[in-house]
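To start, the structure under review is shown below, and the notes come after it.
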Amino acid sequence: MVKGTRAGRGAPWAAGVVAALLAMGGCRSEGSTKAGGEPAGSSAGATPGSGNAQGATNAQATANAQGANAQGANAQGAQESEGRQRLAASMITLLHAGVKKHAGATVTVDGQEPGGEGAKAHDDGHGHDDGHGHGHGAKEGAAGKPAGGPAGGGKDAAPAAVSTRTEAQAMEVARGLVAELRKDPGRFAEVARTRSEDPLAASGGDLGTWVAGEQRELDEAVLALQVGAISEPISTPEGVRIYRREAPVMEARVAARQLVVAWAGATRAPAGLTRTRVEAEARAGALSAAGQKDPAGFEALIRKESDGYDRDKGGYLGAWMTGKGRYPVGYDRAVSALGVGAVSAPVASDFGFLVFQRVEAPEAPVMLAGAHVLVSFEDAEKARSSVRRTEAEARAEAERILEEVRKEPGRFGEVALARSDDASGKRGGDLGSFRKGTLPAAVEEALERLKIGEVGGPVRTAYGYHVLIRRAAPTDKDYVTK
């Protein structure tokens, strides 16, 4: 069973979902390639308000995307410290009458090919707005929820159904899709969303990034492909499958800006827009070429030409850690493959064609979190007028409190409520999470020296003496999850 991190989540895959979705016995392909079970995943996580971006649900680079070029046409995956490779892929599944009945998949019934609303039956996750009126379209299909794969069902799973198509017919359809996709590999995610018949369709078929070695047959199938290449159809117990090898998403801190070229009917396209998708793609290509020719002028080009609501801010997306779900995996792949200042090829998304420019990422802020009990004294610079104890008395009281809460850290909030001289005592002394530089330096320095859950102090400030407990500050992943 594949273990690793789902590119859109940064957390280990749920083993049960992987097994239920993609457990495979022997597989046979039209060629010599064999594939076994593959890892399950979900679409990239929701995006917080760090930038005014037009979102890209499962954005995929076009055939000449710089992401694939930067990885090398024959990339074999990044090496793990123990020598194992990191692999990534997307897939399309076509069901047939020989596939066992299961919930959570869009299927062909009575010979009707999937498409339109039927093909989007599982695209019912909730995109999260970025705080500027733009959702990033990072929707979860049933596969993305530990409780809801084909085995477990779940509230978002579709009713079980069976395809009436024969395996030979499914294989014939798959061959047609392969021929179509090899002419334009960049459309894989788009075709997966409308034609694939499993819960991963909503995520553009993205399987995420995993460490090679625990799904031998899948690894062999993916390793046989160049990055960006499309496999032959492969017959599996779960249906006929087509794979596209992707560049692995490696964790890195990046920052970028984007230019959006929408078409009529694209998600959140400007009102009155009449541009067709073909015209949008051509325009995006021209603007990408212009940006590559004059990277220094790309921000001005965004302000003038972008269809995104963020155009007045130069399309700035902010800084983020790739592979943590802050932005869709397509953003991560395209941006992390660029050098600072470089401009990408167009990346297809539900919101239009996106052209990224990687910019220098500011230093990551140090985030702290904790709680305190303040014991003030009469002569403290910022003491309340009602305080009457001396500094020596305050110090002694702080020492007593420290001794108490070190013995029972779980009572810290209770003690703060009863004995703190600060207004935060009403909420158990909670300081929340904050960037370093927000609170008095002595408090922040003391918190940094503590381990998570450790109690320390007393620390003297202009307010009095503080007894502290350090708590875990939220990460990008925590922020997205919440």
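Summed over segment 413-452, the residues that are of a type in the set (Val, Ile, Thr), in contact with a strand residue (DSSP E or B) (Cβ under 7 Å, 6 or more places away or on another chain) and open to solvent by 30 Å² or more (accessible area, probe 1.4 Å) give a count of 1. Just to be sure before I move on: is ARG257 of a type in the set (Lys, Arg), open to solvent by less than 10 Å² (accessible area, probe 1.4 Å) and part of a strand (DSSP E or B) in the structure I sent? When the stated conditions are applied, ARG257 does not pass them. Annotation: SER349 fulfils all but one of (1) within 20 Å of the chain's Cα centre (by Cα); (2) surrounded by fewer than 22 Cβ atoms within 10 Å (Cβ to Cβ); the unmet one is (2). The residue that is nearest to GLU167 (Cα to Cα), among those in segment 198-222 that are in a loop (DSSP other than H, G, I, E, B) and out of contact with any Leu (no Cβ under 9 Å at 6 or more places or on another chain), is GLY205. Check segment 223-237 and report whether any residue there is part of a helix (DSSP H, G or I), out of contact with any strand residue (DSSP E or B) (no Cβ under 6 Å at 6 or more places or on another chain) and at negative phi. Yes, segment 223-237 contains at least one residue that is part of a helix (DSSP H, G or I), out of contact with any strand residue (DSSP E or B) (no Cβ under 6 Å at 6 or more places or on another chain) and at negative phi.
GLU232 falls short on exactly one of the conditions (1) under 30 Å from PRO365 (Cβ atoms); (2) open to solvent by 10 Å² or more (accessible area, probe 1.4 Å); (3) in contact with a Ser or Thr (Cβ under 6 Å, 6 or more places away or on another chain), and that condition is (1). Return yes when GLU251 is out of contact with any helix residue (DSSP H, G or I) (no Cβ under 6 Å at 6 or more places or on another chain), surrounded by fewer than 24 Cβ atoms within 10 Å (Cβ to Cβ), within 21 Å of ARG86 (Cβ to Cβ) and touching a residue at least 24 places away in the same chain (Cβ under 8 Å) and no when it is not. Against the criterion (out of contact with any helix residue (DSSP H, G or I) (no Cβ under 6 Å at 6 or more places or on another chain), surrounded by fewer than 24 Cβ atoms within 10 Å (Cβ to Cβ), within 21 Å of ARG86 (Cβ to Cβ) and touching a residue at least 24 places away in the same chain (Cβ under 8 Å)), GLU251 qualifies. Does LEU218 satisfy being in contact with a Gly (Cβ under 9 Å, 6 or more places away or on another chain), at pLDDT 95 or above and crowded, with 24+ Cβ neighbours inside 10 Å? Considered against the rule, which asks whether it is in contact with a Gly (Cβ under 9 Å, 6 or more places away or on another chain), at pLDDT 95 or above and crowded, with 24+ Cβ neighbours inside 10 Å, LEU218 comes out as no. If you check GLY308 against the conditions, is it within 18 Å of GLU360 (Cβ to Cβ) and not in a strand (DSSP E or B)? Taking the combined requirement at face value, the residue does not satisfy it. Hey, does segment 419-432 have a residue that's of a type in the set (D, E, K, R), assigned to a strand (DSSP E or B) and under 33 Å from the mean Cα position of the chain (by Cα)? For segment 419-432, residues of a type in the set (D, E, K, R), assigned to a strand (DSSP E or B) and under 33 Å from the mean Cα position of the chain (by Cα): present.
Go over the candidates THR166, THR209 one by one and state the one that is of a type outside the set (A, V, I, L, M), open to solvent by 10 Å² or more (accessible area, probe 1.4 Å) and either more than 17 Å from ARG333 (Cβ to Cβ) or modelled with pLDDT of 80 or more (or both). The conditions single out THR166.
Of the residues ALA334, ALA380, ALA392, ALA364, only one is in a helix (DSSP H, G or I) and surrounded by fewer than 23 Cβ atoms within 10 Å (Cβ to Cβ); which? So that I can check it myself, show each step before the final result.
Working: ALA334 fails: surrounded by fewer than 23 Cβ atoms within 10 Å (Cβ to Cβ); ALA380 fails: in a helix (DSSP H, G or I); ALA364 fails: in a helix (DSSP H, G or I).
Exactly one of ALA334, ALA380, ALA392, ALA364 is in a helix (DSSP H, G or I) and surrounded by fewer than 23 Cβ atoms within 10 Å (Cβ to Cβ), namely ALA392.
The values are calculated or read from the model by the stated rules, or taken from the named source; none is laboratory data. Fair warning: this is a prediction, and the values are worked out from it, not measured in the lab. FYI the Cβ positions are ideal-geometry reconstructions off the backbone, even for glycines, and counts take in every protein chain you see. Ligands, DNA and RNA are stripped out before the accessible areas are found, and what is left, the full protein with its side chains, is counted by its heavy atoms. Shrake-Rupley method; radii C 1.70, N 1.55, O 1.52, S 1.80 Å.
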